[in-house]
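Please read the structure below before turning to the comments.
The values are calculated or read from the model by the stated rules, or taken from the named source; none is laboratory data. As the structure is a prediction and not an experimental result, all values here were calculated from the model. Virtual Cβ from ideal backbone geometry, glycine too; neighbours counted across all protein chains shown. Just so you know, the surface numbers come from the protein's heavy atoms only, side chains and all, with ligands and any DNA or RNA stripped out. Shrake-Rupley method; radii C 1.70, N 1.55, O 1.52, S 1.80 Å.
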Amino acid sequence: MVYQYIFGGIVASLLGFVFFYNSRGKTKDRASVKIPDECAKSPSNGECRLEHSDDTDIIIVGAGVAGAALAHTLGKEGRRVHVIERDLTEPDRIVGELLQPGGYLKLIELGLEDCVEKIDAQRVLGYALFKDGKDTRLSYPLEKFHSDVSGRSFHNGRFIQRMREKAASLTNVRLEQGTVTALLEEKGTIKGVQYKTKMGQELKAYAPLTIVCDGCFSNLRRSLCDSKVDVPSCFVGLVLENCQLPYANHGHVVLGDPSPILFYPISTTEIRCLVDVPGQKVPSISNGEMANYLKTVVAPQIPTELYDAFISAIDRGNIRTMPNRSMPAAPHPTPGALLMGDAFNMRHPLTGGGMTVALSDIVVLRNLLKPLQDLNDASSLCKYLESFYTLRKPVASTINTLAGALYKVFCASPDQARKEMRQACFDYLSLGGLFSTGPVALLSGLNPRPLSLVLHFFAVAVYGVGRLLLPFPSPKRLWIGVRLILSASGIIFPIIKAEGVRQMFFPVTVPAYYRAPPVD
């Protein structure tokens, strides 16, 4: 409608500040094994010693996306790395299949871009948004980048195996299959890990620094952070075969009822479908409730081009579920240890930002460790690495906040104000220009600026109010507008609070931001 474009012009004045901003330069419950003091008096026998291992600088627990990429990165820096992974066979997951362009740029920075080759990965150039029979295409703003830069979608396990192979190809990286059962601690400092090998042998490994990357189900993180995990919904995963998406090389988001439905290619012939089901309980797969739910509730809402393939996928019966977890980064800085990846920080996977955050964190950590030759002063190293938690914030907090906020906006609601916010978001993005490129640049990790996120989010809210008040306001519409603004505030401010207002918006005021590396 004409008034939408008129009001869009008003909102544009608010967003002018975005471009000005963008133009600027860029009590512990320890589950660990105590090392007896007597070990210090006895010679090393491989089972009980306090001295650091002579052949390991860093132990990495887990070889998923974060662990494998980190192992290769630190190995290239000359570190002697011991990676312990519970299962080295190819993973088979229904998430971690979409890498945003910002994450691909980090992959290039780490020298791992060839890991998306030879796995039938698909280029992703943007998103298509569907609502109530209407759709709009949102392209990534890639004009300023090399032609190879785009998103990538793939089978998660193939990608991980490629990175494991890259890491294992380095002579100073040892990749071992084993299950880490505990962190080894002495006087508040983590000295290494206790683990069980593939053959069932109980061993201990020691290193100056242990980095825990054991994923969303981590059993070690509770001693290293406040692990307040929220499960807002579950994904139900299907693979659609031999069909074409309405928009080639795009992720598709259907603003369905009760919550979003996602489609994106994971190979030349396969399309991943993820159906979001709010709450922690999903219909039973075994008794047919899930198939019935998908056919009667979900199928009528998806694009017609995908309907037949969707029904066929249900009939084949390979339906899988995965809880969607969210956990703010709330570390307990601990000498000798560090958390990374999903073990440390999670967000709703709606926006596919998890791998981008992990890879960005690895770049930050690599740069922090680069000037250090000796990692043995655990307390000094721990104090220095506190800057990691601040330096990672621009990328991590932007992606985390956007994921949580978008999920709440995209979910259907009986509340009229929330309905208006949802419609306003769709219409705002449909305007094109900066109204779509701005939010998509945030989502893709190409513009990780928290202030831009907040400005766009409230621009959507203001746009929604304008839609209500034009052409003729009424008391009812005015009241809905007020509630829309309050609803928007209630969505985004709690997420920002959890991320940390100071670290998110004023990182240079955090003392650790300027922390110099310890002198060797």
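Report the label-to-label distance for E289 and D120 in nanometres (one decimal), using points 7 Å from each Cα along the Cα→Cβ vector.
Spacing of the two 7 Å Cα→Cβ label points: 3.4 nm.
Considering only protein heavy atoms, with the full assembly of protein chains and a 1.4 angstrom probe, order D427, D377 by accessible area, largest first. Please list the in-between numbers first.
Numbers: D427 20, D377 85 Å².
In descending accessible area the options line up as D377, D427.
Out of all DSSP beta bridges in the chain, what portion is antiparallel? Express it as a percent rounded to 5.
Rounded to the nearest five, the antiparallel share is 70 percent.
Check R174: other-chain or 5+ apart residues with amide H under 5 Å from its amide H, H built from backbone geometry?
The list, which skips near neighbours in sequence, is V81, H82, V83.
Over the chain, with the other protein chains present, what is the accessible area per residue in square angstrom, probe 1.4 angstrom?
42 Å²
Pairs of Cα atoms under 8 Å, at least six residues apart: use those to get the relative contact order of segment 403-505, whole percent. All intermediate terms of the calculation are to be shown ahead of the outcome.
Numbers: 82 pairs, mean separation 31.0, N = 103.
Here the relative contact order equals 30 percent.
Taking R0 as 51 Å, what FRET efficiency do you get between S169 and I311 from their Cβ-Cβ distance, rounded to the nearest 0.05?
Efficiency computed from Cβ-Cβ geometry: 0.70.
Pull up all non-local amide H partners of C234: gap of 5 or more, or a different chain, and H-to-H distance under 5 Å with H placed in the peptide plane.
Here V277, G279, N324 satisfy the definition.
Accessible area of the chain with a 1.4 Å probe: how many percent of it is carbon plus sulfur?
Working: 11900 of 21940 Å².
Carbon and sulfur together cover 54 percent of it.
Pairs K134/K497; K228/K281; K191/K497; K76/K187; K393/K419; K106/K196: which exceed 28 Å Cα-Cα?
The pairs that break the limit, which is 28 Å between Cα atoms, are K134/K497; K191/K497; K76/K187; K393/K419; K106/K196.
Give the Cα extents of segment 403-505 along the principal axes, in whole Å, largest first.
Cα extents, longest axis first: 41, 30, 22 Å.
Based on DSSP H runs of at least 4 residues, each adding -39500 (n - 2.57), what is the mean residue ellipticity at 222 nm of the chain after dividing by all its residues, to the nearest 500 deg cm²/dmol?
It lands at -12000 deg cm²/dmol.
Which value in nm describes the separation of the simple spin-label points at F505 and V482, placed 7 Å from the Cα toward the beta carbon?
Each label point lies 7 Å from its Cα, and together they span 2.4 nm.
Given the whole protein assembly as supplied and a 1.4 Å probe, what does the accessible area of Y293 come to in Å², nearest 10?
Approximately 40 Å² for this residue.
Taking the Cα centre of the chain as origin, sum charge times position over the Cβ atoms of Lys and Arg (+1) and Asp and Glu (-1), and report the length of that vector in debye to the nearest 20. Please list the in-between numbers first.
On the way: 57 positive and 49 negative charges, 276 e Å.
With only Lys, Arg, Asp and Glu charged at Cβ, the dipole is about 1320 debye.
Between A330 and K228, 0.36 nm times their residue separation minus their Cα-Cα distance comes to what?
Stretched fully, the A330-K228 segment lengthens by 35.8 nm.
Explain nothing, just compute: Karplus ³J(HN,Hα) = 6.51 cos²θ - 1.76 cosθ + 1.60, θ = phi - 60°, for every residue of segment 259-265 in order, whole Hz, x for Gly and Pro.
7, x, 10, 10, 9, 7, x
What distance in nm lies between label points placed 7 Å from Cα along the C-beta direction at S474 and M199?
Between S474 and M199, the simple spin-label model gives 7.9 nm.
For T136 and F217 in one chain, what is 0.36 nm times their gap in residues minus the Cα-Cα distance, to one decimal in nm? Write down the numbers at each step before the final one.
Working: separation 81, 0.36 × 81 = 29.16 nm, distance 3.64 nm.
So the chain would gain 25.5 nm between T136 and F217.
Please give the length that would be gained between Y514 and E77 if that part of the chain were fully extended, namely 0.36 nm times their separation in residues minus their C-alpha to C-alpha distance (nm, one decimal).
155.0 nm
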